[in-house]
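S.K.: Encoded as structure tokens, here's the structure I'll be asking about.
The values are calculated or read from the model by the stated rules, or taken from the named source; none is laboratory data. This is a predicted model, so every value here is computed, not measured. Heads up, the Cβs are rebuilt from the backbone with ideal geometry, glycines too, and the neighbour counts pull from every protein chain shown. Side chains are part of the model used for accessible areas, which takes the heavy atoms of the whole protein and leaves out ligands, DNA and RNA. Shrake-Rupley method; radii C 1.70, N 1.55, O 1.52, S 1.80 Å.
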Amino acid sequence: MCSGTRAFIVIAFTSLACLGPGVLLSEAQQIRIEGFFPRQLPLGQATVINVAVPSRDAIKGAEISPSPGVKVSGIKLGQNIQGALTWSELTIDVANDAAPGDRTLVLLMPMGRTAPVTIMIPSHVPRISELRILSAQSNQPTLEAQFAAVDRSADLGDSPYVWFMIGCDGEPLVGVINGKVSARDKGNGVVHAIVPNPRPPTGGGTPATGKCDLQVRVSDSGGIDSNTLKTTVDFKN
């Protein structure tokens, strides 16, 4: 695990593998889900899942199997484009009595069905709230955020993974950093996160100014993801 709140990893999604001459046409045309988060669906609530596919087409539908206790209630084509990938949002409702465990997710695209990916319904999840931006200057390489966390299993740890997606008017920046937990008491705490500026002043491009959209979630030591929080970052000159 990385150490230090200022260390971060930017997630790069792999492109489709080269296809050999022996691959059938139907296999060659199957689209893959190149990225998705969060990867867990908490019991008794609606969760927004961000999915990335190498297509500009809108998602026609989504299937989760086995389906008892789970329903896809909304699909929204996102405006965030990352190279050849388009990010969209799925809203998935999970009943209180849904069975915990692994499920598979398949997207229905105009050109066919995607390959399945695994998504999990955990028996417990961390909960986060009260996301605040403490500092966001356009001439700084990072911004500082904090949020409250509650983890009834008390396994959040001192430096949990904080997953983020931040987008302004171009490609979103998606990645993970190590947060720092303070004021912890019996699973409750405040998590501080240093998130990279999507347009660092040393990057040679146009600095991030004005308002950008930030999403964050946290993982406990067992790899279980929290709910996702969203806020607007107002970068100051």
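S.K.: Please go through the stretch 214-237 and give me each residue that is among the small types (Gly, Ala, Ser) and surrounded by fewer than 20 Cβ atoms within 10 Å (Cβ to Cβ), ordered by number.
M.R.: Our first condition is that a residue be among the small types (Gly, Ala, Ser); within the stretch 214-237, this holds for 219, 221-223, 226.
If the condition is that a residue be among the small types (Gly, Ala, Ser) and surrounded by fewer than 20 Cβ atoms within 10 Å (Cβ to Cβ), then Ser221, Gly222, Gly223 are the ones that fit.
S.K.: Moving to a separate point now. Might you let me know whether the stretch 131-145 holds any residue that is in contact (Cβ under 8 Å) with a residue 40 or more places away in the chain, open to solvent by less than 10 Å² (accessible area, probe 1.4 Å) and either on the phi > 0 side of the Ramachandran plot or among the β-branched types (Val, Ile, Thr) (or both)?
M.R.: Scanning the stretch 131-145, I find no residue that is in contact (Cβ under 8 Å) with a residue 40 or more places away in the chain, open to solvent by less than 10 Å² (accessible area, probe 1.4 Å) and either on the phi > 0 side of the Ramachandran plot or among the β-branched types (Val, Ile, Thr) (or both), so the answer is no.
S.K.: So which pairs qualify, if the first residue must be in the stretch 149-162 and polar (S, T, N, Q), the second must be modelled with pLDDT under 90, the Cβ gap must be under 8 Å, and the two must be at least 6 apart or on different chains?
M.R.: Sorted first by the residue in the stretch 149-162, then by its partner, the pairs are Ser153/His124; Ser153/Gly187; Ser153/Asp220; Ser153/Gly222; Ser159/Met1; Ser159/Ser3; Ser159/Thr5.
S.K.: Please indicate, with yes or no, whether at least one residue in the stretch 117-127 is open to solvent by 40 Å² or more (accessible area, probe 1.4 Å), in a strand (DSSP E or B), more than 22 Å from Trp87 (Cβ to Cβ) and not hydroxyl-bearing (Ser, Thr, Tyr). I'd like the intermediate steps shown before the answer.
M.R.: Pass one, the stretch 117-127, residues open to solvent by 40 Å² or more (accessible area, probe 1.4 Å): 118, 120, 123-124, 127.
Those still in the list that are in a strand (DSSP E or B) too: 118, 120, 127.
Now restrict to residues that are more than 22 Å from Trp87 (Cβ to Cβ): 127.
From what is left, the residues that are not hydroxyl-bearing (Ser, Thr, Tyr) are 127.
Yes - at least one qualifying residue is present in the stretch 117-127.
S.K.: Right, something else. Of all residues in the stretch 146-176, how many are open to solvent by less than 30 Å² (accessible area, probe 1.4 Å) and touching a Pro at 6+ places or on another chain (Cβ under 9 Å)?
M.R.: Within the stretch 146-176, residues that are open to solvent by less than 30 Å² (accessible area, probe 1.4 Å) and touching a Pro at 6+ places or on another chain (Cβ under 9 Å) number 10.
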